[in-house]
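This report refers to the structure that appears directly beneath it.
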Amino acid sequence: MSPPMGDSHKRFLQTMMSNGIISASQAAALHKHCCETHGAHYVADRLDDFINIINAHLQSLFMHIRKGMSEEDGLEYYALVNVTETDITRMASDYADNELELFRKTMDLIVDSESGSASSTDILNCADSLQTKKLKKKETEHVLSKFVQDKWLNEKDGEYTLSVRCIVEMEQYMRTIYQDLIKVCHVCHNIALQCQMCENPICGIKVHLPCVARYFRARSDPRCPECSEFWPHEIPEIPQSQSQSSQNLPSSSKENTAPTPSRRSRRS
Amino acid sequence: MSQKKKAVSASQNKTQRRSQVCLDEDDEDAHFSQITSSQVQRAREHFTPVQIDRKVAEVVQFILIKDQKKIPIRRADIGKHVIKEYKGIYTEIMNRVCRTFEQVFGLQLVEIDPKNHIYILINKLEPIHGEPVSMRPGNPKTGLLFVILSVIFMKGGVIKENLVWNTLKKLRVDPGEKHDEFGDVKKVVTDEFVRQKYLEYVKIPHTEPVEYEFRWGLRAEKEVSKLKLLEFVGELFGQDPQSWTQQFREASTAETSSQRT
């Protein structure tokens, strides 16, 4: 039997529920904060053990705190997901039918694309041909900003990508409906949308940008892990995990997550 | 109503239950209080533990989703949309649901309307020092609500609507204009906050033209610590919370009575 949940675990879970997704450094800070608030025994590097206790109790509720990597910044995030969902039902209560249809179409565009993104122009075209009920331009723009605000999509320069929350929560759904059509990272084996591809026509493996950074770190002659052909793309920098001092600034990470839990202990 | 009572206590009602199509919500709800023990027994034998576990999980999810939007949950809705044919063991399921909320989430299912059986989820964990309202972090409407609750409380618990609008105008939130962050401010305050049971917006009788007054709603009463709110107001004005003797007395009383529950 799993140890019972203490108040520190409950507070952590409540915060997860309010935020949906938090970064690994926010999770570490939250872990410390929850333990200290309730006088629970705190061991700095045992976050995963702490979360495992919560997950043991969430199992019968078909919920789970899952860890995933962001394609944007390569950092790890913790998301509270619903395990039974085989559809985008998580969003169903927040959006109208035609908005959900638009989301599915946007996801189609993103998965089909080489860049792992969809332009606002392409999405607007989809909005015009929805089967449920067409969305006008203004309505589409409003829905897209809602998607971004609710952390399902990221937006940069008019291009939309799937957020880490979306991928962590809907990975099962996406693998089911896209099957072989969805790219998978050769290094970490998770879904890869924004990635680099081996240029060898008989190879063509995909690797996340952060995975490329880690795999090819400091190699002057990067070679494809599968076919050994020269890897022609620019090797990005290794993602820096947020330092202690910067963990209060959600803007220091490219992913737009909610304000950090330290906001709750303003006075301490 | 009495016809149903007779029908329900008959032993052949199992098939009758199955053939029941959509009752309207009042009937659904009345049904719960008339379930016999033999029905319960039969229901328990009919469903496997795994199925019952699953139902408990579904009810928990249902309530969490409703609560996320701060919509009070009607017992009739739980029955109609989730429990359905498991009605016979409704009580058992709900007991487990309540236990789960307490043991896993630190939340409590509280009946705010005993007549119509309406519930809300409140936080059993103490609000953190410096956080008088237990709401979603980062929600801008929290601040708006909080200001209104403070004004109402400091002014003795009920105020004319004009005072709210004037206070907001001073903070450059004009109910007559569309606000960047809140949109239709009047709608948020008089409709959304009222629906969520944070505020009450009531007509003052015998007023011409009609005037309304604001009070704290049932959810605010349960969720918001008046003491913490007073401390915050104290910080705002650089005053000791105890300097407002009446409010302090009321806040302290509210604090001790809520600790007893």
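The values are calculated or read from the model by the stated rules, or taken from the named source; none is laboratory data. Predicted model, so just to flag it, every value in this text is computed and none were measured. So basically every Cβ, Gly included, is an ideal-geometry build from the backbone, and we count neighbours across all protein chains shown.
Taking A:Asp94, is it surrounded by fewer than 19 Cβ atoms within 10 Å (Cβ to Cβ), in a loop (DSSP other than H, G, I, E, B), of a type in the set (D, E, K, R) and touching a residue at least 40 places away in the same chain (Cβ under 8 Å)? So A:Asp94 fits the description; yes. Scanning the range A:3-42 for residues that are within 11 Å of another protein chain (Cβ to nearest Cβ) and assigned to a loop (DSSP other than H, G, I, E, B) gives A:Pro4, A:Met5, A:Gly6, A:Gly20, A:His38.
Looking at the range A:51-71, can you tell me whether even one residue there is closer than 30 Å to A:Ala213 by Cβ and touching a Lys or Arg at 6+ places or on another chain (Cβ under 8 Å)? Walk me through how you get there before you give the answer.
Initial filter on the range A:51-71 (closer than 30 Å to A:Ala213 by Cβ): A:51-52, A:55, A:64-71.
Now drop any that are not touching a Lys or Arg at 6+ places or on another chain (Cβ under 8 Å), which leaves A:70.
Yes; the residues of the range A:51-71 include at least one that is closer than 30 Å to A:Ala213 by Cβ and touching a Lys or Arg at 6+ places or on another chain (Cβ under 8 Å).
In the range B:68-91, of all residues being modelled with pLDDT of 85 or more and within 14 Å of another protein chain (Cβ to nearest Cβ), the one that is nearest to the chain's Cα centre (by Cα) corresponds to B:Ile73.
Within the range A:29-41, is there a residue that is modelled with pLDDT of 90 or more, of a type in the set (Ser, Thr, Tyr) and farther than 22 Å from A:Val168 by Cα? No, the range A:29-41 contains no residue that is modelled with pLDDT of 90 or more, of a type in the set (Ser, Thr, Tyr) and farther than 22 Å from A:Val168 by Cα. The helices (runs of 4 or more DSSP H) found entirely in the range B:196-261 that carry 2 or more residues being farther than 24 Å from B:Lys66 by Cα and touching a Lys or Arg at 6+ places or on another chain (Cβ under 8 Å) are B:245-260.
When the range B:98-137 is filtered for residues that are within 14 Å of another protein chain (Cβ to nearest Cβ), touching a Lys or Arg at 6+ places or on another chain (Cβ under 8 Å), modelled with pLDDT of 90 or more and at negative phi, the ones remaining, listed by number, are B:Glu102, B:Val104, B:Phe105, B:Leu107, B:Gln108.
Is it the case that some residue within the range A:125-146 is more than 27 Å from A:Cys188 (Cα to Cα), touching a strand residue (DSSP E or B) at 6+ places or on another chain (Cβ under 9 Å) and among the aliphatic types (A, V, I, L, M)? Within the range A:125-146, one or more residues are more than 27 Å from A:Cys188 (Cα to Cα), touching a strand residue (DSSP E or B) at 6+ places or on another chain (Cβ under 9 Å) and among the aliphatic types (A, V, I, L, M).
Scan the range B:154-198 for residues that are exposed (fewer than 13 other Cβ atoms within 10 Å of the Cβ) and at positive phi and the total you get is 4. Among the residues making up the range A:36-66, those that are surrounded by 15 or more Cβ atoms within 10 Å (Cβ to Cβ) and within 30 Å of A:Pro236 (Cα to Cα) are A:Leu47, A:Ile65, A:Arg66. Annotation note: Cβ proximity below 7 Å between a residue of the range A:129-140 that is in contact (Cβ under 8 Å) with a residue 24 or more places away in the chain and a residue that is in a loop (DSSP other than H, G, I, E, B) (sequence gap 6+ or interchain) occurs for A:Lys134/A:Asp128.
Of the residues A:Leu80, A:Leu61, A:Leu75, only one is without any contact (Cβ under 8 Å) to a residue 60 or more places away in the chain and either at the interface with chain B (Cβ under 9 Å from one of its Cβ atoms) or of a type in the set (A, V, I, L, M, F, W, C) (or both); which?
A:Leu61
Scan the range B:214-249 for residues that are over 27 Å from the mean Cα position of the chain (by Cα) and of a type outside the set (Phe, Trp, Tyr) and report the count. Counting residues in the range B:214-249 that are over 27 Å from the mean Cα position of the chain (by Cα) and of a type outside the set (Phe, Trp, Tyr) gives 11.
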